[in-house]
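Scroll down for the structure; my scribbles are underneath it.
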């Protein structure tokens, strides 16, 4: 299943493996993927929306990983010497 908004797009599916079912969540833009087991999902269900605020700040992780790899692509067509 693909879930989209104006801010994000993710693919979500249940995957079965030798350790039991896991919920796979993949960022459609970057292919960043996480697998959550039932205990992790139950813990998430007990959180309030305000508990998720730190995760919604892209500077806390999303912008830190791979920025150097994306820099040449982002600057393509801009008159900057790397």
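The values are calculated or read from the model by the stated rules, or taken from the named source; none is laboratory data. For clarity, every value in this text was computed on a predicted model and none was experimentally measured. Heads up, the Cβs are rebuilt from the backbone with ideal geometry, glycines too, and the neighbour counts pull from every protein chain shown.
Please work out which one of (1) at pLDDT 90 or above; (2) surrounded by 11 or more Cβ atoms within 10 Å (Cβ to Cβ) is the condition residue 70 fails and give its number.
Unmet for residue 70, out of (1) at pLDDT 90 or above; (2) surrounded by 11 or more Cβ atoms within 10 Å (Cβ to Cβ): (1).
Looking at the range 4-39, which of its residues are free of Cβ contacts under 8 Å to residues at least 12 places away in the same chain and more than 16 Å from the chain's Cα centre (by Cα)?
14, 16, 17, 18, 39
Check off (1) at pLDDT 90 or above; (2) out of contact with any helix residue (DSSP H, G or I) (no Cβ under 9 Å at 6 or more places or on another chain) for residue 63 and give me the number that stays unchecked.
(1)
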